[in-house]
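Read-outs: derived from the displayed coordinates by stated rules, not from any lab. Owing to the predicted nature of the structure, the values given are computational and were not obtained by experimental measurement. Note that each Cβ is placed from the backbone with ideal geometry, even for glycine, and that neighbours are counted across all protein chains shown.
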Amino acid sequence: MAILEAGTIAPEFSLNVTPDQKLSLSELRGRPVVLAFYPADWSPVCGDELSIFNEILPDLLPYRAELVGISVDGAWSHDAFSKQKHLHFPLLSDFQPKGSVARSYGAYRETEGVCERALFVIDKSGTITWSYCSPVAVNPGADGILHALKAFPKEGSGE
Amino acid sequence: MNRLSIPIGPDDHTQGDRTALLTLVEYGDYECPSCGQIQPVIQKIQKHFGKRLLFAFRNFPLAELHPWAEAAAEAAMYASKHGKFWEMHYLLFENQERLSDSLLLELADQLGLSSSDLSVALEKNTYRPRVRTDFDSGIRSGVNGTPTLFINDERYDGLLGFDSVVDRIAHVLAASKV
């Protein structure tokens with residue numbers, strides 16, 4: 001399954017962001033969104049892609065861009081994982097029905113039952129402007145995201 | 001394929017011959033256990049290739065994950081200013097499990113450097129911009145975790161054991177001779 005490409009309208013979703021709260025893509029309309037699908041919480045490496053994305057959040061501010069992580073892990077797992085990693089961006093739970101959002105982006109690995117390592121940059125009107133899928137064993141860096149965001153105007157305070 | 005955005009330059013901390021055919025760049029974090037584990041492997045690789053390999057270390061502190069990583073990197077830059085970068089580099093990795101403000105000062109003392117000057121530098125974040133320069137170059141190069149290695153400017157995505165890295169370097173060396 002190939003991931004959705006630039007020019008495609010980003011499929012709407014509404015997923016748990018905490019055990020009792022949901023977040024929809026449409027709620028983020030009006031600002032660029034970065035979706036980071038990843039296979040699983042608790043991967044054994046300490047400096048993985050999420051930790052790196054966590055460190056570049058200040059670089060997203062000028063674009064008023066929102067970064068969200070998505071995996072099939074449950075909301076409680078996300079909660080514990082996020083606390084342990086000191087993540088300052090939301091993790092969404094594509095848990096029930098499992099992987100349905102990842103599937104709609106072409107970012108689901110049927111055999112393993114987990115999300116691909118896939119990145120999507122979505123403009124403020126909801127169109128995908130950049131997407132990238134890396135081999136699942138290889139963490140993508142943050143350079144692709146930052147490069148894709150450069151196409152957008154800087155309008156945030158940058159603070 | 002991810003490539004090093006900024007090649008090894010005069011501001012880098014390097015070991016080996018600047019004109020060497022082979023370059024190995026490590027983006028690392030002094031508090032990261034995986035970086036600590038690869039330290040002896042890097043030294044073994046350096047020994048293996050000898051003069052043919054130029055090694056550079058660049059800072060990539062994951063400060064949200066490792067509370068002492070940034071201060072440790074700044075302490076290394078302070079030591080560098082006084083010509084003792086590698087001495088501090090090794091001490092930091094040796095002591096990575098007990099990093100603290102007082103330990104950093106103790107290590108400066110041990111190297112015959114002024115611990116009070118280091119204390120002031122840490123408080124004023126004197127060396128933060130220098131550490132940031134390394135970090136930003138890493139982000140732009142597609143650093144995807146710590147440690148991330150670049151062999152002749154190309155990101156290495158394989159296993160971090162001696163044999164795997166040496167295989168890759170040997171492969172690059174053979175290809176560059178063609």
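For helix B:69-81, what angle does its Cα long axis make with the longest principal axis of chain B, in degrees from 0 to 90 and rounded to 10?
Once rounded, one gets 90 degrees.
Kindly work out what percent of the DSSP beta bridges joining two residues of the stretch A:27-149 are antiparallel, to the nearest 5. Mind showing how you got there, number by number?
On the way: 14 of 22 bridges.
Percentage antiparallel, nearest 5: 65.
Enter the angle in degrees (range 0 to 90, nearest 10) between the Cα long axis of helix B:85-94 and the first principal axis of the Cα atoms of chain B, meaning the one along which they spread out most.
The answer is roughly 90 degrees.
Rounded, prolate or oblate: pick one for the stretch A:1-109, where a ≥ b ≥ c are the square roots of the eigenvalues of its C-alpha gyration tensor, a/c under 1.5 means rounded, and failing that, prolate if a/b is larger than b/c, else oblate.
Values: a/c = 1.37, a/b = 1.09, b/c = 1.25.
It comes out rounded by the Cα gyration axes.
What's the magnitude of the charge dipole for chain B around its Cα centre, counting Lys and Arg as +1 and Asp and Glu as -1 at the beta-carbon? Answer in Debye, nearest 20. Intermediate values should be presented prior to the final figure.
Details: 18 positive and 24 negative charges, 154 e Å.
It works out to roughly 740 debye.
Need one word for the stretch B:123-178: rounded, prolate or oblate. Basis is the Cα gyration tensor (sqrt eigenvalues a ≥ b ≥ c); a/c below 1.5 gives rounded, then a/b vs b/c decides.
prolate
Sequence gap at least 6, Cα distance under 8 Å: using those rules, report the relative contact order of the stretch B:13-177 to the nearest whole percent.
Values: 227 pairs, mean separation 52.2, N = 165.
Answer for the stretch B:13-177 is 32 percent.
Please list 3J(HN,Hα) in residue order for the stretch B:22-27, calculated via the Karplus relation 6.51 cos²θ - 1.76 cosθ + 1.60 where θ = phi - 60°; whole Hz, with x for glycine and proline.
Using θ = phi - 60°, the values come out as 9, 10, 10, 10, 10, 9 Hz.
Let me check against my output: what whole-number percent is the relative contact order of the stretch B:55-149, with C-alpha pairs under 8 Å and at least 6 apart?
On the way: 73 pairs, mean separation 33.3, N = 95.
Taking the mean separation of contacting Cα pairs over the length of the stretch B:55-149, I get 35 percent.
Would you order A:T111, B:T148, A:T129 from fewest to most other beta-carbon atoms within 10 Å of each residue's own beta-carbon?
Values: A:T111 5, B:T148 26, A:T129 17.
So the residues, fewest neighbours to most, are A:T111, A:T129, B:T148.
If amide hydrogens are placed 1.01 Å from N in the peptide plane, which non-local residues have theirs closer than 5 Å to the one on A:L67?
It is A:V34, by chain and number.
I need the shape label for the protein assembly as shown. Rule: rounded when a/c is under 1.5, else prolate if a/b > b/c, else oblate, with a, b, c from the alpha carbon gyration tensor. Walk me through the numbers before you get to the answer.
Numbers: a/c = 2.00, a/b = 1.56, b/c = 1.28.
Note, shape of the protein assembly as shown comes out prolate.
Return P(r) of chain B (all Cα-Cα pairs; 10 Å bins starting at 0; whole %; ordered from short to long distances).
Percent of Cα pairs in each bin: 10, 39, 35, 13, 2, 0.
For B:L53, enumerate residues with amide H under 5 Å from its amide H, sequence gap 5+ or separate chain, H modeled in the peptide plane.
For B:L53, the qualifying residues are B:D17.
Would you kindly derive the ³J(HN,Hα) couplings of the stretch A:137-143 from the backbone phi angles with the Karplus curve 6.51 cos²θ - 1.76 cosθ + 1.60 (θ = phi - 60°), listing them in order in whole Hz, with x for Gly and Pro?
Running phi through 6.51 cos²θ - 1.76 cosθ + 1.60 with θ = phi - 60° gives 7, 10, 5, x, x, 9, 5 Hz.
Residue farthest toward the positive end of the dipole of the stretch B:1-155, with Cβ of Lys/Arg at +1 and Asp/Glu at -1: which of B:W86, B:S116, B:T14?
B:T14
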